[in-house]
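Please read the structure below before turning to the comments.
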């Protein structure tokens, strides 16, 4: 009788059973970032997640993720060159990591597009500056993945930006930063 009752509840309201609030596994989760210059040159690396809480239901994904900006790594360069670029990206020319150690991404709304695919609206905060952002997220069991792009100039990241400076020629660094986010849930 107990099993029949559980099945009955599941079929009447699958969102109750499928609703799952989880913490982000910070050991397995990460963000891969890519920045590009006007030439074919680009740099990429990784950022760690310091905390996060996500709720996945049949119809929506809601939550917040906190990024540890101090964890910023450059992976396309090695040794001294990687350390120099990491230092520069952490400086006031870019992300002012000493002053702004955390960035956040918080959902404001979402809706299911198809099985495992959700359209998400949220707020991205970098350097204590917040702007709306929209993206799709794939949910496969306890793994969530998304690719999103943000405009660094909106967050006062000015170094060699065409939004702030003219005549940069081949020294121009594009404002769009690409992020590949992989979240593992506990």
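The values are calculated or read from the model by the stated rules, or taken from the named source; none is laboratory data. Since the structure is predicted, the reported quantities are computational estimates derived from the model, not experimental observations. Glycine also receives a Cβ, built like all others from the backbone with ideal geometry; neighbour counts cover every protein chain displayed.
Residue by residue, here is whether (1) modelled with pLDDT under 95; (2) in contact with a helix residue (DSSP H, G or I) (Cβ under 6 Å, 6 or more places away or on another chain); (3) over 20 Å from residue 149 (Cβ atoms) holds:
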{"residue": "21", "(1), (2), (3)": "yes, no, yes"}
{"residue": "34", "(1), (2), (3)": "no, no, no"}
{"residue": "41", "(1), (2), (3)": "yes, no, no"}
{"residue": "44", "(1), (2), (3)": "no, no, no"}
{"residue": "47", "(1), (2), (3)": "no, no, no"}
{"residue": "50", "(1), (2), (3)": "no, no, yes"}
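Hey, can you tell me all the residues within segment 102-136 that are outside any strand (DSSP E or B) and more than 17 Å from residue 57 (Cβ to Cβ)?
The answer is 127, 128.
Out of the residues in segment 95-127 meeting the condition of being closer than 20 Å to residue 49 by Cα and surrounded by fewer than 13 Cβ atoms within 10 Å (Cβ to Cβ), tell me which one is nearest to the chain's Cα centre (by Cα). Walk me through how you get there before you give the answer.
Within segment 95-127, the first condition is being closer than 20 Å to residue 49 by Cα, and the residues that meet it are 95-108, 120-127.
Now narrow it down to the ones that are surrounded by fewer than 13 Cβ atoms within 10 Å (Cβ to Cβ): 98-99, 108.
Numbers: 98: 20, 99: 20, 108: 15 Å.
The qualifying residue nearest to the chain's Cα centre (by Cα) is 108.
Give me a count of the residues in segment 147-176 that are closer than 24 Å to residue 108 by Cβ and crowded, with 19+ Cβ neighbours inside 10 Å.
Residues meeting the conditions: 6.
Between residues in segment 37-66 that are without any contact (Cβ under 8 Å) to a residue 12 or more places away in the chain and residues that are part of a loop (DSSP other than H, G, I, E, B) and surrounded by 19 or more Cβ atoms within 10 Å (Cβ to Cβ), which pairs lie under 9 Å by C-beta distance while being six or more apart or on different chains?
none
Scan segment 58-93 for residues that are touching a strand residue (DSSP E or B) at 6+ places or on another chain (Cβ under 9 Å), farther than 21 Å from residue 26 by Cα and part of a loop (DSSP other than H, G, I, E, B) and jot them down.
Within segment 58-93, 58, 59, 60, 76, 77 qualify.
Condition first: buried (at least 19 other Cβ atoms within 10 Å of the Cβ) and touching a helix residue (DSSP H, G or I) at 6+ places or on another chain (Cβ under 7 Å). Now tell me which residues in segment 61-93 satisfy that.
Within segment 61-93, 72, 74 qualify.
If I filter segment 148-168 for residues that are under 19 Å from residue 29 (Cα atoms) and under 18 Å from the mean Cα position of the chain (by Cα), do I get at least one hit? If you could, list the steps in order and put the result at the bottom.
First pass over segment 148-168, keeping only residues under 19 Å from residue 29 (Cα atoms): 148-149.
Next, only the ones that are under 18 Å from the mean Cα position of the chain (by Cα) stay: 148-149.
Checked against the condition, which is being under 19 Å from residue 29 (Cα atoms) and under 18 Å from the mean Cα position of the chain (by Cα), segment 148-168 yields at least one hit.
Here is a list: 181, 139, 97. Which entry is assigned to a strand (DSSP E or B) and under 22 Å from residue 68 (Cα atoms)? Break it down stepwise before answering.
On the way: 139 fails: under 22 Å from residue 68 (Cα atoms); 97 fails: assigned to a strand (DSSP E or B).
Residue meeting the stated conditions: 181.
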